[in-house]
């Protein structure tokens, strides 16, 4: 009995019909960024393929709507890149975005109309200053004045630390 390389074993397995879906899925992932472009790709993520319809999670409803209008051209590019016409439509939704990107936080969702790259160093500096001013003291606890997450203030009208002290003081 002779040994066979792992590559040849994998090639043999992947050539079987039941592995066709996996091959297609790998091709979709490999060519997705090329199909949608560098600016759109960070805000999208293919999540599934059901009945030849590609499911794609997007970061915001604006992206979902914008890409829905462009889905035919994206579909055509993607089918050309994967060299098969196995995908018949694309569905964009925000439903699974948070779950998929829980490890990869995007602080500001860029809209398709945003001018992403500043044209001059002064413009970059001005943008930075305006963002810092917008976020400075934006969410502070009214009780202790400490910085707090927006959801803490919205839920308890206090930071988490003050809320625990206030609401659970009777348990001590």
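The values are calculated or read from the model by the stated rules, or taken from the named source; none is laboratory data. If you're wondering where the values come from, they're calculated on a predicted model, not measured in any experiment. Note that each Cβ is placed from the backbone with ideal geometry, even for glycine, and that neighbours are counted across all protein chains shown.
Things to note:
- Residue that is farther than 16 Å from residue 97 by Cα, surrounded by 12 or more Cβ atoms within 10 Å (Cβ to Cβ) and touching a helix residue (DSSP H, G or I) at 6+ places or on another chain (Cβ under 9 Å), where the choices are 78, 54, 39, 13: 78
- Of all residues in the stretch 25-41, those satisfying the criterion of being within 19 Å of residue 65 (Cα to Cα) and in contact with a strand residue (DSSP E or B) (Cβ under 8 Å, 6 or more places away or on another chain) are 32, 36.
- Cβ pairs under 8 Å, 6+ apart, first in the stretch 141-152 and assigned by TED's automatic domain parsing to the domain that holds residue 163, second in a loop (DSSP other than H, G, I, E, B) and surrounded by fewer than 16 Cβ atoms within 10 Å (Cβ to Cβ): 142/157; 147/139; 148/139; 149/139; 150/138; 150/139; 152/139
- Among the residues listed as 45, 26, the single one being under 21 Å from the mean Cα position of the chain (by Cα), within 25 Å of residue 88 (Cβ to Cβ) and part of a helix (DSSP H, G or I): 26
- Residue-level analysis places residue 20 outside the set of residues that are surrounded by 13 or more Cβ atoms within 10 Å (Cβ to Cβ) and at pLDDT 90 or above.
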